[in-house]
Amino acid sequence: MLELRDICFTIEKDGHEVNLLDKISLKVPSGHFMAVVGPSGCGKTTLMKIISGLLLETEGEVWWKGADLSEDGEMLPNELGYVPQFSIAYDHLTVEECVEHAIRLRVGSVSGSALEELADNVIQQVGMETMREKRVKVLSGGQKRRLGLGLELVTNPKLLLCDEVTSGLDPQSEREIVNLMHQLSLKQGRMVMNITHSLANLELYDSVLVLHEGRMVFHGPPDALSHYFSVQHVEDVYLTLKKRAADAWQGSWSKYRNEYDALIQKRQANRRESEPNAAATESDAKSNSDEDTDLPPESPDNDDNLPGFFRQFWVLLSRRWLLFFRDRTQVFLQLALMLIFPLLVVIFAPGGIEAFPDQAPDPSLDFLEQARATAEVVTKQTKIGALVSGLMMFQVVLLALMGSNNAAREIAGERLIYEKERLGGVRPFSYLLSKIFFLGTLILAQSLWMGIFVQMFCNLPGDIVARFQLLIMINAAMTFVCLGISAAMKSADQASLLSIYLVGFQLPLSGAVLRMPSWLEPVTQPLIAAYWSWSGQLQALSGEKVALGIKSASPTYPFPTVETATVILAFHVIIGLIVAYGFCKRRLWD
Ligand SMILES: Nc1ncnc2c1ncn2[C@@H]1O[C@H](COP(=O)(O)OP(=O)(O)OP(=O)(O)O)[C@@H](O)[C@H]1O
Ligand SMILES: [Mg+2]
């Protein structure tokens, strides 16, 4: 049983309090199928969010199975299914893969053949047997809604909230989906609440809740709707609502509500009697499913049945790799960047680095010639120093660019799917760890290949280990800072734009081209990852002859040690991850 007691939801707008929901009180028995209707902006979605725990009511109480959720915490993820209007599946997965992943992420105790049976059962319940091998991107709108419902059925939820799952469908598909929801409410005492604008197919529901400007103005059997609003066709209800103020409708409703509650109960009892497979209560539901040997098994009816942290991590990581390889464009782009970027670097020193000339001029020459020879040597030394420094900066900037490309869309691009899965019990830390492992592999592959390729062609002097370490660190710093940005932004485009700006600032602010004004340098330098990777690599050359040329070529000499540079870049990684985790824990549903 779900009960709402005087639910209010108030927000501040232009200094005034606005009541988006006002004293909504409602009792919904198990196995009930309810339509929530009302004009756009009347608060339907807000009400659903309060029931599901996505929003906290300002006043009032939500009671679920005899417990006050505002006191005793949220509904368990396994008890609740929330089907939003938007598509919540990855385009590159098949229907079957989506269902199987949903089971692996949300249902702890099934594996092997039980998992396959459960997936079959879910696919059969939503009538998608013939399209199980189809990829999500080729499904029609109605088929995607079916899949959305199916993904929620994997935990066998007691409450299914559906937000406009029939919007935009043709009348035939709409009826099919409403019929499907109706069937789902008949099984296992499941309560199904469906938000809809449409007043078609109302006869399939047990009750209709009408909201108007945040007020509850009717909740009764569908066949009583036209009588209550004194209209000939239910379609005219919206027009009639406009004729009186919402407060007046609310006032009238409070006088009649008890009468209609009794009618609803009568209607639901009748419906159950006429449906042989219907389960009237939760206990009936259990015995029904036990007896019904023809049906494949439902998921275990266990309240605390979430998979463990590592299982979720592993499923998320393997799914990420599957998605990566399925998306040919992504694979092609990654390979292209990995191959082309090192080529861009070696173009500047195709024959490698010239031998570094000594400064001591030939003593047999006269004074003027000695001075000219010295000047020539110094010029050459500076040129070689500038080339080495430039090659290192170029590698650093390209790896920074790869880092931003790795991560900018990683979370923002799938935020709604993540939010949905999180509501279903996916732990933010399992999710973040899967991203760290996935991106970590890309970082290692990109940075090591860049280092090896450039070394093969340019034969740069100095400590290779220190250089590779700092190449990996610049990529990691930029990747994880951009992952933080990706987690904080609402859209993938915003995250990409911000990440590209971040890379764009690396070169001018690194000091490799021009030194920053001395008062600004202490402020900007710690933030510019490219500076640390580049100058740390140059410092690693301090024992080499070329260091002389680099010193005279670089505006920012002296350089930090490799250790300092590594530690600062590690800070960038840590800060990026903390931001990413913080924003993965926050709900960014809309
Ligand atoms: N977090 C919020 N802050 C400010 N206003 C909000 C917020 N959430 C919703 N609203 C406003 O509250 C009202 C109710 O929104 P809600 O999304 O619940 O309406 P709805 O009935 O679902 O509408 P629709 O049928 O268009 O989906 C709208 O006017 C909306 O602009
Ligand atoms: Mg809505």
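Every read-out reported here was derived from the displayed coordinates using simple, explicitly stated rules and does not represent laboratory data. All figures in this text were calculated on a predicted structure; none of them were measured in a lab. So basically every Cβ, Gly included, is an ideal-geometry build from the backbone, and we count neighbours across all protein chains shown.
Rg and Dmax of the stretch 501-558, based on Cα coordinates, read 11.7, 36 Å. Each peptide among 122-128, 63-69 gets the average number of other Cβ atoms lying within 10 Å of its residues, and from highest to lowest they stand as 122-128, 63-69. Highest-first packing order for the peptide set 396-408, 440-452 is 396-408, 440-452, based on the mean count of other beta carbon atoms within 10 Å.
Taking every lysine pair in the stretch 133-201 that is 8 or more places apart or spans two chains, those with Cα atoms closer than 25 Å amount to 4.
State, to one decimal in nm², a quarter of the convex hull surface area for the C-alpha atoms of the chain, i.e. the direction-averaged projected area. Can you show the working numbers first?
Values: hull surface 134.4 nm².
That works out to 33.6 nm², a quarter of the Cα hull's surface.
Taken over the stretch 155-208, the percentage of Cα pairs per 5 Å bin, counting from 0 up to the bin with the maximum distance, is 5, 20, 34, 24, 13, 5. Please state the shape class of the stretch 1-126: rounded when a/c is under 1.5, otherwise prolate if a/b exceeds b/c and oblate if not, all from the C-alpha gyration tensor. Note, shape of the stretch 1-126 comes out prolate. Per-residue ellipticity at 222 nm, computed for the chain from helices alone with -39500 (n - 2.57) per DSSP H run of at least four residues, works out to -18000 deg cm²/dmol. By its C-alpha gyration tensor, with a ≥ b ≥ c as the square roots of the eigenvalues, how is the stretch 38-192 shaped: rounded for a/c under 1.5, else prolate for a/b larger than b/c, else oblate? Cα axes put the stretch 38-192 in the oblate bin. Toward the positive end of the charge dipole of the chain, with +1 on the Cβ of Lys and Arg and -1 on the Cβ of Asp and Glu, the farthest Cα among 141, 165, 33 is that of 141. A simple spin-label model places the labels of residue 441 and residue 371 6.5 nm from each other, with each point 7 Å out along Cα-to-Cβ. With K and R counted +1 and D and E -1, the other residues having a Cβ less than 10 Å from that of residue 206 yield a net charge of +3.
Straight-line cross-link reach from residue 551 at under 23 Å between alpha-carbon atoms covers these lysines, not counting any fewer than eight positions away in the same chain: 380, 383.
In the stretch 382-516, the C-alpha radius of gyration followed by the widest Cα-Cα span (Dmax) gives 17.2, 61 angstrom. P(r) tail, the stretch 450-590: Cα-Cα pairs separated by more than 24 Å, 37% of all pairs. For the stretch 207-257, just say rounded, prolate or oblate: build the C-alpha gyration tensor, square-root its eigenvalues into a ≥ b ≥ c, call rounded for a/c under 1.5, and beyond that prolate if a/b exceeds b/c, oblate if not. It is oblate, given that a/c is not under 1.5 and a/b is not larger than b/c.
Within 10 Å, count the other beta carbons around each residue, average over each peptide in 424-432, 166-174, 469-477, and list them highest first.
On the way: 424-432: 20.1, 166-174: 15.1, 469-477: 26.7.
So the order, starting with the most tightly packed, is 469-477, 424-432, 166-174.
Distance between the C-alpha centres of the stretch 22-37 and the stretch 161-178: 19 Å, rounded to the whole angstrom. Centre-to-centre, using Cα atoms only, the stretch 193-248 and the stretch 395-425 are separated by 43 Å. Computed about the Cα centre, the dipole magnitude for the chain is approximately 1240 debye when only Lys and Arg (+1) and Asp and Glu (-1) carry charge, each at its Cβ.
Here the extension length gained between residue 520 and residue 456 equals 19.2 nm, from 0.36 nm per residue of separation less the Cα-Cα distance.
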